[in-house]
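> Here it is, the structure in full.
We did not get these values from a lab; they are worked out from the coordinates using the rules stated. All values reported here derive from a predicted model rather than from experimental measurement. Cβ coordinates were reconstructed from backbone atoms using ideal geometry, including for glycine residues, and neighbour counts include every protein chain displayed.
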Amino acid sequence: MTEQTGFTLWLTGLSGAGKTTLAKLIDTELKRRGLKSERLDGDVVRQSLTRDLGFSKEDRDKNIERVTFVSKLLSRNGVGVVASFISPYQATRDMVREETTNFIEVFVHAPLEVCIERDVKGLYKKALAGEIENFTGVSDPYEEPENPDIQINTHEEDPEDSLVRVMAYLEEKGFVPVAETL
């Protein structure tokens, strides 16, 4: 196996936009192609690495700071990192770009109304009722990426089509080998 180029594929978007769904598909495809990859997901990371943090702006920033450190170590050592985090603040995402190797910002977009419809945990309902403070998109801002490398509109395309677009980008940039066709 030849040396693999590390990268950090950073999926950002509102809760319910489809970040985790897409991240799982990408990670599975990278592994299917025999590449080293690690998927870092907001919900999973908050159960271990950042379980001591809440959802204030300071805690959100600390959460991303810790994930950035892990992404930095992995990506500089030739691992493809697939990170899916709401990461609502542009300045924080810019910091991740500066700290990690071959950062690719993917804006996973769905209108707020669609995210509310998809909400299986009932978090938006609670946030709209004032039961959850600092909820991104309701009582806390989400700053859409100013110039994402890739924008995925999950309310307009199937996850498999989004996967194809992301993989084509990674191939075009030389981060993954072009898939063999039959």
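> What does the charge count around LEU25 come to, taking other residues whose C-beta lies under 12 Å from its C-beta (Lys +1, Arg +1, Asp -1, Glu -1)? Display every interim value, and only then the final one.
Details: positive: LYS19, LYS24, LYS31, ARG32, ARG39, ARG165; negative: ASP27, GLU29, ASP158, GLU160, ASP161.
Summing Lys and Arg as +1 and Asp and Glu as -1 gives +1.
> How large is the dipole of region 1-139 about the Cα centre if only Lys and Arg carry +1 and Asp and Glu carry -1, each at its Cβ, rounded to the nearest 20 debye? Present the calculation step by step, with values, prior to reporting the outcome.
On the way: 21 positive and 20 negative charges, 86 e Å.
Using only the charged Cβ atoms, the result is roughly 420 debye.
> Would you mind counting up the charge near GLN4? Only other residues with Cβ under 15 Å from its Cβ, with Lys and Arg at +1 and Asp and Glu at -1. Write out the running numbers ahead of the final one.
Values: positive: LYS31, ARG32, ARG33, LYS36, ARG76, LYS173; negative: GLU3, ASP27, GLU29, GLU38, GLU171.
Net local charge, GLN4 excluded: +1.
> Hey, another quick one. Looking at the chain, which longest stretch skips every one of the GluC sites (Glu not before Pro) that is in a DSSP loop with at most 14 other Cβ atoms within 10 Å, leaving the sites themselves out?
Numbers: sites that count: GLU3, GLU131, GLU133, GLU143, GLU146, GLU156, GLU157, GLU180.
With GluC sites (Glu not before Pro) excluded where exposed in loops, the chain gives 4-130 as its longest stretch.
> Could I ask something else about it? Picking from LYS121, LYS31, LYS72, which is most flexible by a Gaussian network model of the chain using Cα springs under 10 Å?
Ranking LYS121, LYS31, LYS72 by mean-square fluctuation puts LYS121 first.
> Restricting to DSSP H runs of at least four residues, report the calculated mean residue ellipticity at 222 nm for the chain, -39500 (n - 2.57) per run over all residues, nearest 500 deg cm²/dmol. Could the numbers behind the result be given before it?
On the way: 7 runs with 75 residues, N = 182.
Estimated from H runs of four or more residues: -12500 deg cm²/dmol.
> With an 8 Å Cα cut-off and a minimum separation of 6 or more residues, compute the relative contact order for the chain in percent.
With pairs under 8 Å counted, the relative contact order is 34 percent.
> Plugging the Kirkwood radius over Cα pairs into Stokes-Einstein for the chain, at a temperature of 25 °C and a viscosity of 0.890 mPa s, what D comes out in µm²/s?
This corresponds to a translational diffusion coefficient of 147 µm²/s.
> Here is a follow-up. Once amide H atoms are placed 1.01 Å from N in the peptide plane, what residues at a sequence separation of 5 or more from PHE103, or on another chain, have their amide H within under 5 Å of its amide H?
It is THR8, by chain and number.
> Using amide H atoms built 1.01 Å from N in the peptide plane, name the residues 5+ places from LEU11, or on other chains, whose amide H lies under 5 Å from its own.
HN-HN under 5 Å from LEU11: ALA83, SER84, PHE85, VAL106.
> Evaluate the distance, in nm, between pseudo-label points positioned 7 Å from the Cα of GLU146 and of LEU112 along their respective Cα→Cβ axes.
Going from the GLU146 label point to the LEU112 one covers 2.3 nm.
> If you fit an axis through the alpha-carbon atoms of helix 19-32 and take the longest principal axis of the Cα set of the chain, what angle between them do you get, 0 to 90°, nearest 10?
Once rounded, one gets 20 degrees.
> For the chain, find the longest principal axis of its Cα atoms and tell me its angle to the long axis of helix 90-99, 0 to 90°, nearest 10.
Roughly 30 degrees between the two axes.
> Can you compute the charge dipole magnitude of region 5-81 about its Cα centre, using +1 on each Lys and Arg Cβ and -1 on each Asp and Glu Cβ, nothing else charged? Give it in debye, rounded to the nearest 20.
Working: 15 positive and 10 negative charges, 58 e Å.
The dipole magnitude comes to about 280 debye.
> Pulled fully out, how much extra length does the chain show between PHE55 and HIS155, if you take 0.36 nm times their separation in residues and subtract their Cα-Cα distance? It would help to have the intermediate numbers written out before the result.
Values: separation 100, 0.36 × 100 = 36.00 nm, distance 2.66 nm.
Roughly 33.3 nm would be gained on extension.
> Check the straight Cα-Cα distances from LYS36 and name the lysines below 28 Å, setting aside those fewer than 8 residues away within the same chain.
By straight Cα distance, LYS36 reaches LYS19, LYS24, LYS62, LYS72, LYS173.
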